[in-house]
Amino acid sequence: MELILAIRDIASAIDQSVEAKSDINWKAAVTSAGLVSKGDTGQTSIDERFERAFGPATLRFQHRWWDTSKIFTPRPDQTKPTPTLLYGDKVLSQCDGTYDT
C-alpha cells in the first residue's frame with residue numbers, strides 16, 4: 001500500500017470510529033496499511049504505537065485510551081487515535097479524533 005492511500009484510509013477510518021464510538025474501523029485500517037505495533041507503554045491506560053516506514057517517511061499511529069471516571073462519578077472511557085507523518089524526526093502532519101466509549 002502506498003503512503004498517501006494509507007493516510008487517506010486511516011483518516012477515513014478514524015472519522016468512522018468517532019462516529020460509531022468504536023475502535024473497529026481504525027484497527028482494520030492500521031492493519032491493512034501494514035503498520036506494526038511497537039507495544040503498549042500505558043500503566044493504567046492504553047498508550048500503544050504502530051509504525052511503518054515508507055522510504056524516508058514514517059507513518060506513526062498512536063492509540064490512547066483512559067478511564068475518565070472519578071470517585072463516585074462514573075464517566076465514559078475516552079479514546080484518542082492520532083496518526084502522524086514524519087520525515088526523519090520532523091513532524092510533517094498530525095491529526096486526531098477523540099471519542100467516548
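Against the numbered list (1) farther than 14 Å from GLU2 by Cα; (2) of a type in the set (A, V, I, L, M, F, W, C); (3) touching a strand residue (DSSP E or B) at 6+ places or on another chain (Cβ under 9 Å), ILE71 comes up short only at (3).
Is the range 76-86 home to any residue that is among the aliphatic types (A, V, I, L, M) and in a strand (DSSP E or B)? Walk me through it before giving the result.
Pass one, the range 76-86, residues among the aliphatic types (A, V, I, L, M): 85-86.
So of that shortlist, the ones also in a strand (DSSP E or B) come out as 85-86.
Yes, some residue in the range 76-86 is among the aliphatic types (A, V, I, L, M) and in a strand (DSSP E or B).
Hey, could you check the range 19-43 for residues that are farther than 27 Å from LYS90 by Cβ and in contact with a strand residue (DSSP E or B) (Cβ under 8 Å, 6 or more places away or on another chain) and say which is surrounded by the most Cβ atoms within 10 Å (Cβ to Cβ)? Walk me through how you get there before you give the answer.
If we filter the range 19-43 for residues that are farther than 27 Å from LYS90 by Cβ, which is where we start, we get 19-25, 27-28, 43.
Still in the list and also in contact with a strand residue (DSSP E or B) (Cβ under 8 Å, 6 or more places away or on another chain): 21, 23.
Working: LYS21: 11, ASP23: 18.
Filtering the range 19-43 for residues that are farther than 27 Å from LYS90 by Cβ and in contact with a strand residue (DSSP E or B) (Cβ under 8 Å, 6 or more places away or on another chain), the one surrounded by the most Cβ atoms within 10 Å (Cβ to Cβ) comes out as ASP23.
Scan the range 32-43 and give yes if some residue there is β-branched (Val, Ile, Thr), touching a residue at least 12 places away in the same chain (Cβ under 8 Å) and closer than 12 Å to PRO81 by Cα, otherwise no. No, the range 32-43 contains no residue that is β-branched (Val, Ile, Thr), touching a residue at least 12 places away in the same chain (Cβ under 8 Å) and closer than 12 Å to PRO81 by Cα. With respect to ARG52, determine if the residue is within 14 Å of ALA6 (Cα to Cα), basic (Lys, Arg) and surrounded by 15 or more Cβ atoms within 10 Å (Cβ to Cβ). In short, yes.
From the set of residues in the range 54-70 that are assigned to a loop (DSSP other than H, G, I, E, B) and of a type outside the set (Val, Ile, Thr), which is nearest to LEU86 (Cα to Cα)?
Of the range 54-70, the ones assigned to a loop (DSSP other than H, G, I, E, B) are 55-56, 68-69.
Subsequent filtering for residues that are of a type outside the set (Val, Ile, Thr) retains 55-56, 69.
Details: GLY55: 11, PRO56: 9, SER69: 34 Å.
Among them, the one singled out is PRO56.
The set of residues from the range 3-53 being hydrophobic (A, V, I, L, M, F, W, C), in a strand (DSSP E or B) and modelled with pLDDT of 95 or more comprises VAL36, PHE50, ALA53.
Within the range 51-78, which residues are among the hydrophobic types (A, V, I, L, M, F, W, C) and either within 26 Å of LYS21 (Cβ to Cβ) or in contact with a helix residue (DSSP H, G or I) (Cβ under 9 Å, 6 or more places away or on another chain) (or both)?
PHE54, ALA57, LEU59, PHE61, TRP65, TRP66, ILE71, PHE72
Counting only residues that are within 13 Å of THR101 (Cβ to Cβ) and of a type in the set (Lys, Arg), the range 28-69 holds 1 of them. Residue count for the range 65-92 satisfying the condition of being in contact with a Ser or Thr (Cβ under 8 Å, 6 or more places away or on another chain), touching a residue at least 40 places away in the same chain (Cβ under 8 Å) and under 14 Å from ILE10 (Cα atoms): 2.
The values are calculated or read from the model by the stated rules, or taken from the named source; none is laboratory data. Everything numeric in this text was worked out from a predicted model, so none of it was measured. Neighbour counts are summed over all protein chains in view; Cβ atoms, including those assigned to glycine, are modelled from backbone coordinates with ideal geometry.
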